[in-house]
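Each remark here refers to the structure printed beneath this line.
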Amino acid sequence: MSVVFLNDTYLPMAEAKISPMDRGFLFGDGIYEVVPSYNGEMVGFAPHIDRMNNGLNAVEINLGWSHERWKDVCDILIEKNGAGNLALYLHVSRGADTRRFHAYPEDIEPTVFAFAFEIPPVPVADKTKVVGYKVAASRDLRWERCQIKSTALLGNVMHFQHGYQQGANETLLYNERNELTEASACNAYIVKDGVVITPLLDNQILAGITRHILLDLLRKDGSIPVEERIVTMAEVFDADEVWVTSSSKEVVPVIEIEGKPVGNGEIGDVWLAAQTIYSAGKLNY
Ligand code: PDD
């Protein structure tokens, strides 16, 4: 039975209860994070908490927790749930109100919920071990505030479901100008002539922590050029390699988009080099 954290208490998952008047439940009024942890070591803990604080500030939820306070909760959840391959899910909603009224109430306490769940073993830079993704592609129909990691994920869920129903692992998204944004739960990249290219950070995408770590490590390493710029879907279909990244998956090669092979349909050498660099450097963040 997994042990979870709810409003300063550690308790079995089945005993964790929140009010149906919680604005997280009624409006999706909350912010969340997913932090990976392998054998008790978290990847990107500080940038994950910084991003959560940015999200909380953007929606004016005043929690005021320090990094140390979050670290204690994560460490205790890892200890209580057995350090293996875990993701820590951290969730702050605005809290429970007495009525359903859209405006932010002033005098309620945020609800803080966290739990650990098992994720696949640590990804390795090995073409024979990684499973390439087959993905769908869809017009991005989410809102124009995708930089906020809101718990209101129905738009993402619907896009993911679209791919899932046709047997795809993910759904790549593009805007009304046919420009790649991201995927339903990952950031997206193309590789062309040895250059890694990914959409710029703006309101159309989440500033992924894996993206941040990967781009920083690639730039420091210097062997693979990186560009952040607009990427058209024509470029995506013409790419040598396509990847998606997220915290629990690291760098995943995409081998097929809408039934068409990416490049020669094989897992690419630039992916291998990038995941090697990521694996070697990720614990410094
Ligand atoms: N998803 N874009 C979207 C829309 C995401 O939901 C995520 C993460 C990412 C990648 O961000 P990061 O590298 O910080 O994990 C990009 C999480 C893991 C989820 O919702 O489960």
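The values are calculated or read from the model by the stated rules, or taken from the named source; none is laboratory data. In this text the structure is predicted, and so the values were computed from the model without any measurement. Neighbour counts run over all protein chains shown; Cβ positions are idealised from the backbone, glycine included. Keep in mind that these areas ignore ligands, DNA and RNA; they rest on the heavy atoms of the full protein, side chains included. Shrake-Rupley method; radii C 1.70, N 1.55, O 1.52, S 1.80 Å.
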Cα-based reach from Lys17 at 16 Å (exclusive), listing aspartates and glutamates while leaving out same-chain residues under 8 positions away
Asp8, Asp97, Glu109
So what is the orientation-averaged projected area of the range 133-284, using the convex hull of its C-alpha atoms, in nm²?
8.3
Per residue, the convex hull volume that the Cα atoms of the chain enclose (Å³):
134
For the chain, modelled as a GNM with alpha-carbon contacts under 10 angstrom, which of His159, His102, His212 fluctuates the most?
His102
Can you tell which of Ala188, Ala168, Ala58 shows the greatest fluctuation in a Gaussian network model of the chain with Cα springs below 10 Å?
Ala58
Going through the range 76-178, which GluC sites (Glu not before Pro) have at most 15 other Cβ atoms within 10 Å and a DSSP loop state?
Glu106, Glu144, Glu176
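I'd like to check one number: the per residue accessible area of the range 50-204, probe 1.4 Å, reported in Å² as a whole number.
Ligands and nucleic acids excluded, the result is 53 Å² per residue.
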Within 10 Å of each candidate Cβ there may be at most 16 other Cβ atoms; applying that plus a DSSP loop requirement, which chymotrypsin sites (Phe, Trp or Tyr not before Pro) in the range 141-201 survive?
Trp143
For Gly84, distant residues with modelled amide H under 5 Å away
Asn39, Gly40
With a 1.4 Å probe and every protein chain kept in, tell me what percent of the accessible surface of the chain is carbon plus sulfur.
52
Compute and list, largest first, the equivalent-ellipsoid semi-axes of the range 1-115 from the alpha carbon gyration tensor, each √(5λ) rounded to a whole angstrom.
25, 17, 10
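Normalised by the residues of the chain, what does the relative contact order come to in percent, with Cα pairs under 8 Å and at least six apart?
Numbers: 571 pairs, mean separation 54.4, N = 285.
Relative CO of the chain lands at 19 percent.
Just in the range 90-135: which trypsin sites (Lys or Arg not before Pro) are loop by DSSP and have at most 10 other Cβ atoms within 10 Å?
Within the range 90-135, the qualifying trypsin sites (Lys or Arg not before Pro) (loop, at most 10 other Cβ atoms within 10 Å) are Arg99, Arg100, Lys129.
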Of Lys71/Lys249; Lys260/Lys282; Lys71/Lys220; Lys129/Lys149, which ones are farther than 25 Å apart at the Cα?
Lys260/Lys282; Lys71/Lys220; Lys129/Lys149
Which of Arg229, Arg142, Arg23 moves most in a GNM of the chain, Cα contacts under 10 Å?
Arg229
